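Just below is one structure, and these are the notes that go with it.
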Amino acid sequence: MIGKTELAQRLAQRTGLSTSRAAEVLNAVFDTITEALASGEEVRITGFGTFRVAQTRERRGRHPRTGEPMVIPGRKRPAFSAGSALVEAVQKGKAPGG
């Protein structure tokens, strides 16, 4: 698994930025995507994928401790759909252009 720190290090290696500057850029990208989703916007990165907000429906369930029936409220959640270039890269096991 690659965490945010290693992602920033890899970004720094590819771009020539310092690791701290790459981390700032990465955080800015994540913050921008988060803000867009929070305001209901969709974020489409051509070839990579689309981030959007999905609405789950209210549904019936059971309380895990008591087994009593209950209603689980609907909610908003972030969703991601992979783009064709990302899907193809994963299938081939290598990065696009690599």
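The values are calculated or read from the model by the stated rules, or taken from the named source; none is laboratory data. Just so it is clear, the model here is predicted, and its values are computed rather than measured. The area values use the complete protein model at the heavy-atom level, side chains included, leaving out ligands, DNA and RNA. Shrake-Rupley method; radii C 1.70, N 1.55, O 1.52, S 1.80 Å.
The C-alpha atoms of the chain define a longest principal axis, and helix 4-15 lies at about 30 degrees to it. Of the solvent-accessible surface of the chain, computed with a 1.4 Å probe and all protein chains present, 53% belongs to carbon and sulfur. Here the extension length gained between T46 and E24 equals 5.6 nm, from 0.36 nm per residue of separation less the Cα-Cα distance. Computed on the Cα atoms alone, the convex hull of the chain gives a volume of 166 cubic angstrom per residue. Can you tell me the 0 to 90 degree angle between the C-alpha axis of helix 19-38 and the longest principal axis of the chain, rounded to 10? Long axis of 19-38 versus the principal axis of the chain: about 30 degrees. In the context of the full set of protein chains, residues of the chain present 81 Å² of accessible surface per residue (probe radius 1.4 Å, heavy atoms only).
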